[in-house]
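One structure is given here, and the rest of the page talks about it.
The values are calculated or read from the model by the stated rules, or taken from the named source; none is laboratory data. Note that this is a predicted model, so its numbers are computed, not measured. Glycine also receives a Cβ, built like all others from the backbone with ideal geometry; neighbour counts cover every protein chain displayed.
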Amino acid sequence: MLRWIALAALIAPAALAQPSPARQAELRHLVLHDCGSCHGLTMKGGLGRPLLPEALADKPDGFLVEVILGGVPGTPMPPWREELSASEARWIVEQLRKGNGDAR
Ligand code: HEC
């Protein structure tokens, strides 16, 4: 748990910037196609868990950002560090919390 707090503290300052509108469109596409292939096109879950707002409600942003960037070793959840910056991962978490994961 302390590890997550330390990581969240590292990630937070970089996460204040929002991706540009063009990058947001790319990220929506990525979430729908890449994340959706495991988590379901409507984020209701599949091989991966559901990523709907109610499923994420009790999980802190820092934890979710770290899962997205670092993956979950020993499970099919891959790390996205090469594709996504911390602020982009945080933006995706925001979208998932708003129920925007399926690119409506
Ligand atoms: C190859 C399949 C796969 C892909 C692609 C994938 N995931 Fe996952 N993801 C998983 C699995 C499996 C888990 C559950 C890991 C575990 O057992 O803890 C998971 C867990 C997660 C969690 C933690 C959920 C929780 O409730 O703890 C988040 C957040 C997440 N993924 C987001 C994403 C995002 C965002 C993307 C796209 C950038 C993505 N995933 C792409 C398979 C995938």
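How many of the residues in the range 75-104 are small (Gly, Ala, Ser), modelled with pLDDT of 95 or more and under 19 Å from Ser37 (Cα atoms)?
So the count comes out to 1.
Test Leu56 against the criterion of being farther than 18 Å from Glu26 by Cα, near the ligand (Cβ under 10 Å from one of its atoms) and buried (at least 17 other Cβ atoms within 10 Å of the Cβ), and give yes or no. Yes. Taken over the range 71-86, the criterion of being within 25 Å of Ala25 (Cβ to Cβ) and surrounded by fewer than 19 Cβ atoms within 10 Å (Cβ to Cβ) is satisfied by Gly71, Met77, Pro78, Pro79, Arg81, Glu82, Glu83, Ser85. Of everything in the range 33-48 that's within 21 Å of Arg81 (Cβ to Cβ) and surrounded by fewer than 17 Cβ atoms within 10 Å (Cβ to Cβ), which residue is farthest from the ligand (Cβ to nearest atom)? Out of the qualifying residues, it is His33.
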